[in-house]
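Comments concern the structure below.
The values are calculated or read from the model by the stated rules, or taken from the named source; none is laboratory data. Everything numeric in this text was worked out from a predicted model, so none of it was measured. Ideal geometry is used to build each Cβ from the backbone, glycine not excepted, and the neighbour counts take in all protein chains shown.
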Amino acid sequence: MANENRSNNANGKMTLEEAGRKGGEATAKNHDREFYEEIGRKGGEATSKNHDKEFYEEIGQKGGEARANQRENYDDNDGKMSKEEAGRKGGEARARQRDND
């Protein structure tokens, strides 16, 4: 019986994964879209206060590379921009946005 419930660890207690899932489900039941928009905005503002232009350029580059790697699994590139260009454009756009704030 100890292993019948995958959400319990060897001690019969809830795992961190299960606790997180249950907490997320409870939060979703108690809050609407505006709640999530607000916490997303606040998180974005806090992040922009704590990081500089180079941070956004780096995550833009990483995002572009990750997206390009996803596309490499398909046979054709169907005219989409390169990972380098996507990262560069993402970093530049975020830097402009940051300069305007």
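Before moving on, here are some points about what is shown:
- Test: residue 21 is among the basic types (Lys, Arg), surrounded by 13 or more Cβ atoms within 10 Å (Cβ to Cβ) and either at pLDDT below 85 or assigned to a loop (DSSP other than H, G, I, E, B) (or both): no
- Contact map, region 66-91: first residue more than 21 Å from residue 53 (Cβ to Cβ) and at pLDDT below 70, second residue of a type in the set (D, E, K, R) and not in a loop (DSSP other than H, G, I, E, B), Cβ cut-off under 8 Å, separation 6 or more or different chains; pairs are 77/71.
- Qualifying residue in region 46-61 (condition: of a type outside the set (A, V, I, L, M), within 30 Å of residue 9 (Cβ to Cβ) and loosely packed, with under 11 Cβ neighbours inside 10 Å): no
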